[in-house]
Amino acid sequence: MSVGRPIPHDAAVLHVTGTARYVDDIPAPHDTLHLCFGLSDTACGEIVAMDLAAVRSAPGVVAVLAAEDLPNSADTSPSAHDEPLLATGRVHHMGQPLFLAIANSHLAARKAVRRASVEIREEPAILSIDDALAADSRFEEGPRFYRKGDANRAIAAAPHRLEGRIEIGGQEHFYLEGQAALALPQEGGDMVVHTSSQHPTEIQHKVADALGLPMAAVRVEVRRMGGGFGGKESQANALAVACAVAARVTGRPCRMRYDRDDDMVITGKRHDFRIDYRAGYDDDGRIRGIEFRQFARCGWSQDLSLPVADRAMLHADNAYLLDDVTIESHRLKTNTQSATAFRGFGGPQGMVGIERVMDEIAHALGCDPVKVRRANYYADAAPGDAAPAPAPLDDGRDAPADTHADLTSRGTTETRGQPAPPPSGAQTTPYHMAVEDFVLGEMTERLVESADYRGRREQVRAWNAGNEILKRGLALTPVKFGISFTLTHLNQAGALVHVYQDGSVHLNHGGTEMGQGLFRKVSQVAAHRFGVPLERIRITATDTGKVPNTSATAASSGSDLNGMAVKAACDTIRDRIARLIAERHQARAADVRFGGDRVHVGGESYGWEEAVRLAYENRVSLSATGFYKTPKLEWDRIAGRGRPFFYFAQGVAATEVVIDTLTGENRILRTDILHDCGASLNPAVDMGQIEGGFVQGAGWLTTEELVWTDKGRLATHAPSTYKIPACSDRPRVSNVSLWDGRNREDTIYRSKAVGEPPLMLAISVLMALSDACAACGPHYPALDAPATPERVLAAVRRAREGAR
Amino acid sequence: MPTTFLLNGAPVSVGGDDPTRTLLDWLRLDRGLTGTKEGCNEGDCGACSVVVTDGRGTRALNACILFLPQLDGKAVRTVEGVAGPEGELHPVQRAMIEHHGSQCGFCTPGFITTMAAAHLRGRTDHDDQLAGNLCRCTGYAPIVRAAEAAAAEPVPDWMRDDPARALSARPAATAAAAEEAGGPTAPSSDEAAPPHATAPADWGRRAPLAETSAACGADMAAHPTWVRPRTADELAAWYLAHPDGVLVAGATDVGLWVTKGLREPSPLAFIAGIEDLRFVEVGEDEVCIGATATLEDLRPAIAPLHPDLAELIRRFGAAQVRGAATVGGNIANGSPIGDLPPALIALGATLHLRQGDTRRSIPLEDFFIDYGKQDRRPGEFVEAVSVPRQTDRLRCYKISKRFDQDISALCGCFRITVEDGGVTDARIAFGGMAGTPKRARAVEAALTGRNWSQAAVDRACSAMAEDFQPLSDMRASAGYRLETAANLLVRYFHESAGTAARLLEVQP
């Protein structure tokens, strides 16, 4: 039994010995060239002149390309085709690539680009949300709305009302491995690309477009990434396309990696948001009506901003049943890096909005925030109420027919027909999806007990009464996160499994490994299906030549989708072997069992290797593809109606913090987490996602601050100025438990996706800091994020003196 | 003169044509040792950490800002050399696997080397030892669990490098010279050997320049762009002849000129090996610190006298930085946000400068004239800094977005003497509040001679704006800096009254 066991990461031995190979570690031919972009030093303007003679004559430089030198109009956008590889006439943000130096070494290329003489006629840049609103600079024709009931009327009729605003900063991914690619030209103009990308099919598509080749002439391989977090879903495109184009031009292998400062200045980050809210509520804190107005700063190109902003809307309810609600979303276009996917994909920002409202209602009523949250929770599902397995899948795929669109990108905007309405009487989200698997009521009760929330609430109160300078805060917040790509057709996956004569199994699927343990989990599934030890399963690099038309490894979907596809492939081979063995014993194929590295039939059994040899000798195919598509999804993103998610992953966290009211410095003292992974495929891997996601989320909401100058220059472009959590920033005490449930829906072994949801458990940190600030005075502190010392100190002042 | 060192136990020699080639690039590009990773190329993430052993002991250093000439006579162990010769895993490697300490794995080699260095030295202050290694996946808890699990395991034999073997591998002529100079000895197995308990008695009264060793001149003849002086006298002579030269001690600052600024500074003097400037002498009247004493040398020596300064040092540079960066460098580079100067100024430090045979001593605060401008003459260098022995009243308050390995938004250092309820003396200095480290003289004046009371403190706080007109930048706004600077005086007052005001001491 390999499924459900806490087995270490498949590459753990390679990691600790330094032998795990990342793109920049791949030995390349001796004549390989190295690339570096020359970047815009202006946020907005027109390129008047670009003199690259000094770059061309720099030591080691082989060639220099500007936009007009590109063989095809190379584009790197995953959506609107609005991102030329190199600037064409105009620049749209400081850090935009203008030209490409191709040199004998990475250092030579970096040095060369600084010799360029570029003249840009500067124009006023649109940098902030206010700038964009004033200029009506936005994507899509206007704001999007999701509506349920009549929020305006309900707010007016409610006993109490409040309104406010929260500003939520963005976040740099800071994957430890910067972006990297290596292109190896092949005979006949074909191209092989190694890339550090979550989306090899997107790389294949963009490279093929840039070279004027069919996708079949481009093969993309990804063995692993040194972290992705969404930052390598679309942002790896530019390097891969640049390498491929340069390899085409020079006829030599080309590799590229961004120096860290370039990486931070060029690539997109998490969207920063402003959320305005207006709510009406009753004496119990139950929300009667609520309106959110979300403003997302999307940067200069569309990238994945539309689905990101959609997901922020889709999580504006978090765990709370809202009867009368309006969510309005503005996707603002600014002269900054193009904000992109980042773990949670807008969901975290949407959730922070309503958690702020819960916090403020509790403050206004003077009652415990947990009580207010629970008063607003969706109702728990009846226990044991598992959904049935769906009918067998048909083989047809229902993707749209436009072959030029980025079909496999989340940037594609597709609307579908009329989704069926939810069952009458169901509790529904603001987008009219029935919530049938809610378990947070019971989970919260469990955590309140295990974390001694009530006792510690009293201790915090006593501490604060006795301490003038240092104040503690405590908060408990839930997470309900929707699992599926909201672009429904992406919810498909393929796998390729070969069993060789010696019984070894070559496993391949469309998912990519970025540290999340996907390969380990999927190999556990394969070993389980064949009933063989894990050692027989050979995990191999993701390769567009093996499994085509893959979706990005994103949206927490990796194990759900690829686990099912691998299961299907394994079962095909298993069933073939079973039929053969059954025939020999005049048994039914269904009675052949696979386990303990043997194949059992009746009272007899064959060793796995023997069974495989037998199958080969009897001319049974030992190779199969597998395919999976998620059932039950129906979604109209324009109307805001339907079922975008297969199910909800859930979790709850209680966090205690302490702040210094003289300086605003703060730290996390303790966190208790209860998280729902369904029936975990690998509890160790899942715990790692939870602990790591929490700290990453805590960084987003505390120390990680992106600062742009008034000219649009990113001032925090290196780890010296942009501070992700260090070792001592993790909670002093951290108690993490897995909820012992099974997925109500028929997922792979009834597990649940775990990649993104735990990040949002860290919202408890922000709310605990708010609680500590609130201990300083009578007013609501209205703490913004990230809660740097400066913002905490400002919130302490607001608590004491009220908003100015 | 080539640079000779042990690489994973085997001697290697590299030529001196490119003195600013980094160890990281050399490992990855010339040696194909790609286990050592580049994460930031500025010494802030630790992905490139390697284990370095010399006569002073073993420590982890960042290979991305370590120039090859700095390694002469040392032993370097990369992640590839942390496992045994037969491939047997080091205890920290086994523990990292068993405790799920790696996810994406890219930071892991740097963690392994840093953990192995700490393990060899028997260190169990894991948060501090690992403060210079960033991990974006795990949230650190499983890594710390691994470090704890490995702590009790014995140090594998292969980890005990003998850098003397590097010397014996040198070409004969230079090996003889090195032996003459004393040569490194095998390191002790536990703590790094402390720097000289006492300074060389004659550190300030050495022989005239004419008598300096010929080694420096020979160096210069071989590589006209760089030298590796072994004594302060050699340095003084060279610097007098090359006043436009750049002194490289730990390279934690100059390293970035090269890796980020893409500059090619020349000529260079690598001075970290100048043993007669590497001391922390705790005398009866003063503490004297040689310029090439590292922060890690200073920290344990100063901890019994001024624990707040030791804690400040712990926070502002992680282990890899403390093991390389020098006291002299932190002062001489003149940064307005260097954290040592405000503390030393508050302690009443004197800076000792030398130009050729000429020496002078000035109050440390007078060294900092303006942003980017110090009172330093051509060819003049920092030899030492001294602070008078005193009752410990020093409090150092570093304000930054992150506690460990972050640059200060502001750093306030206070030493206020209260006798019979009245302030008899106040020395207060700040970093990050002006273009230089600077004393808060108006605040000091407002306090001195007054009763030590909340009212007096409040009055003094309002004088802060006379002393400072700070800037807004990515670390903090001007308003926050000014408000918090005043609040730090309030904190000092509360602490002197015994009120709990130490965030890092609050327990869950």
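The values are calculated or read from the model by the stated rules, or taken from the named source; none is laboratory data. Since the structure is predicted, the reported quantities are computational estimates derived from the model, not experimental observations. Neighbour counts are summed over all protein chains in view; Cβ atoms, including those assigned to glycine, are modelled from backbone coordinates with ideal geometry. Surface accessibility is based on the protein's heavy atoms, side chains included, excluding ligands, DNA and RNA. Shrake-Rupley method; radii C 1.70, N 1.55, O 1.52, S 1.80 Å.
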Quiz item: In this structure, is A:Arg219 within 14 Å of chain B (Cβ to nearest Cβ) and either of a type in the set (D, E, K, R) or open to solvent by less than 10 Å² (accessible area, probe 1.4 Å) (or both)?
Solution: no
Quiz item: Is it true that some residue in region A:654-665 is outside any loop (DSSP other than H, G, I, E, B), out of contact with any Leu (no Cβ under 7 Å at 6 or more places or on another chain) and more than 27 Å from A:Gln501 (Cα to Cα)?
Solution: yes
Quiz item: When region A:296-306 is examined, which residues are found to be open to solvent by less than 10 Å² (accessible area, probe 1.4 Å) and under 20 Å from A:Leu127 (Cβ atoms)?
Solution: A:Ala296, A:Cys298, A:Gly299, A:Ser301, A:Asp303, A:Ser305
Exercise. Tell me the helices (runs of 4 or more DSSP H) entirely within region B:73-175 that contain at least 2 residues that are β-branched (Val, Ile, Thr).
Key: B:91-98, B:108-120, B:141-150
Practice problem: Being open to solvent by 10 Å² or more (accessible area, probe 1.4 Å) and either modelled with pLDDT under 95 or within 25 Å of the chain's Cα centre (by Cα) (or both) is the filter here, so list the residues in region A:755-792 that pass it. | Solution: A:Gly755, A:Glu756, A:Asp784
Quiz item: Counting just the residues of region A:370-424 that are touching a strand residue (DSSP E or B) at 6+ places or on another chain (Cβ under 9 Å) and small (Gly, Ala, Ser), which one comes out modelled with the highest pLDDT?
Solution: A:Ala375
Practice problem: Only strands (runs of 3 or more DSSP E) wholly contained in region A:208-286 count here; list those with 3 or more residues that are among the charged types (D, E, K, R). | Solution: A:272-281
Quiz item: Hey, among A:Glu513, A:Glu468, which residue is over 30 Å from A:Leu662 (Cβ atoms) and within 14 Å of chain B (Cβ to nearest Cβ)?
Solution: A:Glu513
Quiz item: Can we say A:Val64 is assigned to a helix (DSSP H, G or I), modelled with pLDDT of 95 or more, open to solvent by less than 40 Å² (accessible area, probe 1.4 Å) and not aromatic (Phe, Trp, Tyr)?
Solution: no
Quiz prompt | Flag if A:Ala679 is within 21 Å of A:Gly346 (Cα to Cα) and more than 8 Å from every other protein chain (Cβ to nearest Cβ) | solution = no
Practice problem: Identify the residue in region A:613-626 that is open to solvent by less than 50 Å² (accessible area, probe 1.4 Å) and touching a strand residue (DSSP E or B) at 6+ places or on another chain (Cβ under 6 Å) and, among all such residues, is nearest to A:Met433 (Cα to Cα). | Solution: A:Gly626
Exercise. Could you check, for region A:431-442, whether at least one of its residues is open to solvent by less than 20 Å² (accessible area, probe 1.4 Å), over 23 Å from the mean Cα position of the chain (by Cα), in contact (Cβ under 8 Å) with a residue 60 or more places away in the chain and closer than 25 Å to A:Gly651 by Cα?
Key: yes
Quiz prompt | Residue list for region B:297-314, restricted to those being surrounded by fewer than 23 Cβ atoms within 10 Å (Cβ to Cβ) and out of contact with any Leu (no Cβ under 7 Å at 6 or more places or on another chain) | solution = B:Arg299, B:Pro300, B:Ala301, B:Ala303, B:Pro304, B:Leu305, B:Pro307, B:Ala310, B:Glu311, B:Arg314
Practice problem: Please give the strands (runs of 3 or more DSSP E) falling wholly within region B:369-487 in which 2 or more residues are closer than 24 Å to B:Ala332 by Cβ and among the small types (Gly, Ala, Ser). | Solution: B:380-388, B:422-431
Practice problem: Quickly run through region A:237-259 and pick out the residues that are within 14 Å of chain B (Cβ to nearest Cβ) and charged (D, E, K, R). | Solution: A:Arg255, A:Arg257, A:Asp259
Practice problem: Might you let me know whether region A:787-795 holds any residue that is of a type outside the set (Phe, Trp, Tyr), out of contact with any Asp or Glu (no Cβ under 7 Å at 6 or more places or on another chain) and part of a loop (DSSP other than H, G, I, E, B)? | Solution: yes
Quiz item: Out of curiosity, is B:Asp128 within 26 Å of B:Pro69 (Cα to Cα) and touching a Ser or Thr at 6+ places or on another chain (Cβ under 8 Å)?
Solution: no
Self-check item: Residue list for region A:493-511, filter: part of a loop (DSSP other than H, G, I, E, B), more than 21 Å from A:Ser680 (Cβ to Cβ) and open to solvent by less than 10 Å² (accessible area, probe 1.4 Å)
Solution: A:Gly503, A:Gly510
Quiz item: Restricting attention to region B:26-35, which residues are in contact (Cβ under 8 Å) with a residue 24 or more places away in the chain and more than 7 Å from chain A (Cβ to nearest Cβ)?
Solution: B:Trp26, B:Leu27, B:Arg31, B:Leu33
Quiz prompt | Some residue of region A:159-174 being away from every other protein chain (no Cβ under 14 Å), open to solvent by less than 40 Å² (accessible area, probe 1.4 Å) and over 28 Å from A:Ser338 (Cα atoms) | solution = yes
Quiz item: Does A:Pro200 fit the bill of being away from chain B (no Cβ under 14 Å) and closer than 30 Å to A:Tyr722 by Cα?
Solution: yes
Self-check item: Matching residues in region A:700-714 - criterion: being open to solvent by less than 10 Å² (accessible area, probe 1.4 Å) and either closer than 18 Å to A:Thr334 by Cα or among the basic types (Lys, Arg) (or both)
Solution: A:Gly712, A:Leu714
Exercise. Determine whether region B:109-130 contains at least one residue that is open to solvent by less than 30 Å² (accessible area, probe 1.4 Å), at the interface with chain A (Cβ under 8 Å from one of its Cβ atoms) and polar (S, T, N, Q).
Key: no
Quiz item: Which of (1) more than 14 Å from chain B (Cβ to nearest Cβ); (2) open to solvent by 10 Å² or more (accessible area, probe 1.4 Å); (3) part of a loop (DSSP other than H, G, I, E, B) does A:Asp10 not meet, given it meets every other one?
Solution: (1)
Quiz item: If you check A:Ser728, A:Ser720, which single one turns out to be surrounded by fewer than 24 Cβ atoms within 10 Å (Cβ to Cβ), at the interface with chain B (Cβ under 7 Å from one of its Cβ atoms) and touching a helix residue (DSSP H, G or I) at 6+ places or on another chain (Cβ under 7 Å)?
Solution: A:Ser728
Quiz item: Pick from B:Gly46, B:Gly39: which is touching a Gly at 6+ places or on another chain (Cβ under 7 Å), within 14 Å of chain A (Cβ to nearest Cβ) and either surrounded by 24 or more Cβ atoms within 10 Å (Cβ to Cβ) or farther than 27 Å from A:Ser720 by Cα (or both)?
Solution: B:Gly46
Quiz item: crowded, with 23+ Cβ neighbours inside 10 Å and within 30 Å of A:Val792 (Cβ to Cβ) - does that describe any residue in region A:638-650?
Solution: yes
Quiz item: Just checking, which of A:Gly693, A:Gly697 is open to solvent by less than 10 Å² (accessible area, probe 1.4 Å), facing chain B (nearest Cβ under 10 Å) and under 30 Å from A:Leu534 (Cα atoms)?
Solution: A:Gly693
